[in-house]
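To keep things clear, I will list the structure first and then write my remarks on it.
Rule-based calculations on the coordinates, nothing more; no lab input. For clarity, every value in this text was computed on a predicted model and none was experimentally measured. Cβ sites come from the backbone with ideal geometry, for glycine too, and all protein chains shown count toward neighbours.
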Amino acid sequence: MASKSVTALEEKVNQLLSRTNGKPVLKPNKPLVLKDEVANRKMRRGEATCITEMSLLMACWKKNEFNNTLCSSAITTFYKCVEKAQIEAAKSKAAHQASQGGRLVPKQANTLLRRFPSIKNEH
């Protein structure tokens, strides 16, 4: 099935590039080959966590002139939230590494593309 779809795709590209019907419909200005590198972008970070707890802690500090003893409950709530978020992040990171998610870090992709470069000439 896969080879059938590849040949159908090749036939379509050949048809678009051929001059049998007059002017070609598709005229590439660059060779139709993948590059041997990808853009070196950083992976997106996750959503910020514990924002509400942090804002409550800062409001408490401002209200009580930055006295930690009066804001101890807000501090413990914030630290519990941070600890919980770190545990969840570690779990999700481990799950992502186990499954790989079908995505590579750009550095890994560049290493693989250098090891297995695109064929420039078919002839």
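The residues neighbouring Ala90, those whose beta-carbon lies less than 14 Å from its own, together hold a net charge of +1 under the Lys/Arg +1, Asp/Glu -1 convention. Each other residue within a Cβ distance under 13 Å of Val38 adds +1 if Lys or Arg and -1 if Asp or Glu, for a net charge of +4. Of all aspartates and glutamates in the structure, those lying under 17 Å Cα to Cα from Lys62, and not within fewer than 8 positions of it along the same chain, are Glu53.
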